[in-house]
1. Quantify how much of the Cα-Cα distance distribution of segment 73-217 extends past 26 Å, in percent.
2. Which FRET efficiency value, to the nearest 0.05, do you get for residue 39 and residue 128 by plugging their Cβ-Cβ distance into 1/(1 + (r/R0)^6) with R0 = 45 Å?
3. Within segment 76-218, what percent of beta bridges assigned by DSSP are antiparallel, to the nearest 5?
4. Would you please state which residues of segment 73-97 a label at residue 62 would reach in this model, taking the label point 7 Å out along Cα→Cβ and a backbone N cut-off of under 16 Å?
5. Round to the nearest 0.05 the FRET efficiency obtained for residue 170 and residue 204 when R0 = 35 Å and r is the Cβ-Cβ distance.
6. Using 0.36 nm per residue, how much length does the chain from residue 159 to residue 115 gain when fully extended, once their Cα-Cα distance is taken away?
7. Could you state the number of Å between the C-alpha centres of segment 77-122 and segment 165-195?
């Protein structure tokens, strides 16, 4: 009777899964599930980090001038406002410096926009090379650049502007291009726009006085 049962089932007792093999399969499934769960968690974490980095890269791109690598007008507006508010609340000195390339339109008309772009990059490089820690620099528009120097008095700002002017003159000597600058220090009654307006007045005074110079507005 037992033999006929074994023949009908097609298996022998030795072929039946043992309790040990079943337990091994069980733990193998558990280990595989745990490993798969860990991989999925790592994937989700990596995806979240990648998404965050991509978002930050887009945000940085939106704040950066693509030609010079300095802040653009939008990026400047945010950072300059925060810096100005910080220094005004603590009654600390703050200077604004405007730079403008002399006769830049003539450069573009004579040598072409590719040369003009290289000259813009040369000025941005000079601005960045001498930039103190914590300062904010931007391409304000066209050939005009602006810098906020934190905790700086007028002599410090003037030294910085002269260093940029000299560095740029050396870099652009092949074309004989120069730069003018205007400087103003924050007054207690100043808003950011008033501070920038006075620095811009210094820039126009430098242009009117013959260009290739730095003018400080007291």
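1. Above the 26 Å cut-off, segment 73-217 has 20 percent of its Cα pairs.
2. 0.55
3. Counting only bridges with both partners in segment 76-218, antiparallel ones make up about 85 percent.
4. Label zone hits: 73-79.
5. So, using R0 = 35 Å, E works out to roughly 0.90.
6. 13.0 nm
7. When both Cα centres are located, 7 Å separates them.
The numbers here are math on the coordinates, done by the rules we state, and not lab data. Since the structure is predicted, the reported quantities are computational estimates derived from the model, not experimental observations. Every residue, glycine among them, receives a Cβ derived from its backbone with ideal geometry; neighbour counts consider all protein chains shown.
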